[in-house]
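Notes for the one structure printed next.
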């Protein structure tokens, strides 16, 4: 189901207020703003503050100050994920009713040890496009009674998508429309590469994968413009959109701005924060020249 039929194009910039914006964020925000303007569309700002422990109001204020300094204007009804937990929970319940999710109890350390033991025998355990190992199958094999008992005892757990079951529910090949410079056209989506992705965390409501597709649908986002580091995650998002009956946006994955070490910029690197560059005397025009450079 397309999000484009009969409505004004909608673009969004959706940072997490858990640090200061850097040049990579500036590139993404400016692209969204300018593409929305060129399409006579709407430009939204969304705060992805689902991680309540790390996200802080002062970072949200800094984000809005940085965007205003860049000359960007957005609709003032800013959506904050922390105010919409019930909507993500409703989506999770839909997947639960379809029998497509299960509680998972293994910690990161336990996952690592399981994979090490598996690969010690000479076989290679699959990994997702980010290099993380797929979740082991042990918890998926637990009986419903045993899982419920462990949850009732207060054992920490997350909810994961049973990827094998989910893919079997598809009636046709999964695709997405991409307009970015690195990949263009109608592309195949292969969510199975990610294994049983996490959809709900014990330490923070929902997960990025679930909340982002719900947010985009409820906000009527027609064009998702974001960094190339999220290109492969689109397969998971297209799967969730299909399972939940949500609209399909057009995707545009832009290049990343890399640091001198060849890695994408991080919020932990204060030297590339927009506020630091502004304090050094750079203007918004100077910054636009900077983001035109592939590396810094």
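The values are calculated or read from the model by the stated rules, or taken from the named source; none is laboratory data. What you see is a predicted model, and the numbers here were worked out from it, not measured in a lab. A quick note on method: Cβ atoms are made from the backbone with ideal geometry, for glycine too, and the neighbour counts reach across all protein chains shown.
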Quiz item: Out of all the residues in the stretch 33-51, which are within 23 Å of residue 214 (Cβ to Cβ) and more than 16 Å from the chain's Cα centre (by Cα)?
Solution: 35, 36, 41, 42, 43, 44
Exercise. Kindly indicate which of 162, 138 is in contact with a helix residue (DSSP H, G or I) (Cβ under 9 Å, 6 or more places away or on another chain), surrounded by 14 or more Cβ atoms within 10 Å (Cβ to Cβ) and over 30 Å from residue 17 (Cβ atoms).
Key: 162
Quiz item: What are the residues in the stretch 176-203 that are crowded, with 16+ Cβ neighbours inside 10 Å and assigned to a loop (DSSP other than H, G, I, E, B), if any?
Solution: 180, 189, 190, 195, 196, 197, 201
Quiz prompt | Residues being surrounded by fewer than 17 Cβ atoms within 10 Å (Cβ to Cβ), modelled with pLDDT of 85 or more and more than 27 Å from residue 234 (Cβ to Cβ) - total across the stretch 247-277 | solution = 2
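Only one of these is surrounded by fewer than 19 Cβ atoms within 10 Å (Cβ to Cβ), within 17 Å of residue 222 (Cα to Cα) and out of contact with any strand residue (DSSP E or B) (no Cβ under 7 Å at 6 or more places or on another chain): 89, 39, 53, 68. Name it. Explain how you work it out, then say what you get.
On the way: 89 fails: within 17 Å of residue 222 (Cα to Cα); 53 fails: within 17 Å of residue 222 (Cα to Cα); 68 fails: within 17 Å of residue 222 (Cα to Cα).
None of the other options fit; the residue is 39.
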Exercise. Would you check if residue 106 is under 20 Å from the mean Cα position of the chain (by Cα) and surrounded by 16 or more Cβ atoms within 10 Å (Cβ to Cβ)?
Key: no
